[in-house]
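The values are calculated or read from the model by the stated rules, or taken from the named source; none is laboratory data. Please read these numbers as outputs of a predicted model, since none were measured by experiment. Cβ sites come from the backbone with ideal geometry, for glycine too, and all protein chains shown count toward neighbours.
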Amino acid sequence: MAYHHGDLAAALVESGLELTRSGGPDALTIREVTRRVGVTPNAAYRHFPDRQALLRAVSAAIEVRMATGMAADRGLATPRQRLRAVGLGYLAFALAEPGWFATAFFGAGDTSPESVLDSPAYLALADALDLMVHIGDLAPSARTGATWSCWSTVHGFAELALRGPLRHVDRAELWVLAEQAVDTVIAGLPPVG
């Protein structure tokens, strides 16, 4: 991808996306990104003060793509079905794009609970849970705990499937297990009353 007097920052992020897709966060270097774009490393520093800043921008772009895949069909009959679609969308993205998944969640540095509150993946989950509270299908007092229970389930499952004992399981069988994990956590969410 040669850069031709356009948006250099966007070109650098796009190059970073290409690198991290297969290589995860360790594949991203200023030297390689700028080489692919056709500029000197110094040109990158006008837009990103260091590798970490570029990695944060790449991670943010990945999360937008992930959230797009997590977007629940608004035509689904119930909020629980929407929440299920969000959870399965998260897992589908993680399994299809392990390099991007690792970059988004382990490459950018700040992994504090506060840092995720405005991430697109978190917001997709929050929207689904907020709808459940709004229609009376989830107790408001359970909302915060539900967020972390749901996210922990899908994220933990993704890690087990990508790097843990489930990594050798056949994909069809793995997906059945993924659906069971999502269904189990949703079934455990307390309805109002």
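Here are Arg35, Arg31: which of them is of a type in the set (D, E, K, R) and surrounded by 13 or more Cβ atoms within 10 Å (Cβ to Cβ)?
Selected residue: Arg35, the only one of Arg35, Arg31 that is of a type in the set (D, E, K, R) and surrounded by 13 or more Cβ atoms within 10 Å (Cβ to Cβ).
Just checking, does the range 152-169 include any residue being of a type in the set (Gly, Ala, Ser) and on the phi > 0 side of the Ramachandran plot?
Scanning the range 152-169 turns up no residue that is of a type in the set (Gly, Ala, Ser) and on the phi > 0 side of the Ramachandran plot.
Which count do you get for residues in the range 15-67 that are in a loop (DSSP other than H, G, I, E, B), in contact (Cβ under 8 Å) with a residue 40 or more places away in the chain and among the hydrophobic types (A, V, I, L, M, F, W, C)?
1
Any idea which of Ala67, Ala71, Ala44 is buried (at least 18 other Cβ atoms within 10 Å of the Cβ) and in the same structural domain as Phe105 (by TED's automatic domain parsing)?
Ala67 is the lone residue from the list that is buried (at least 18 other Cβ atoms within 10 Å of the Cβ) and in the same structural domain as Phe105 (by TED's automatic domain parsing).
Mind listing just one residue for me: the one in the range 114-143 that is of a type in the set (Asp, Glu) and farther than 23 Å from Pro190 by Cβ and, of those, modelled with the lowest pLDDT?
Per the stated criteria, the residue is Glu114.
Filter the range 139-169 for residues that are free of Cβ contacts under 8 Å to residues at least 12 places away in the same chain and either surrounded by 14 or more Cβ atoms within 10 Å (Cβ to Cβ) or closer than 23 Å to Met66 by Cα (or both) and give the result.
Within the range 139-169, Thr144, Gly145, Trp148, Ser152, Gly156, Glu159, Leu160, Arg163, Gly164, Leu166, Arg167, Val169 meet the criteria.
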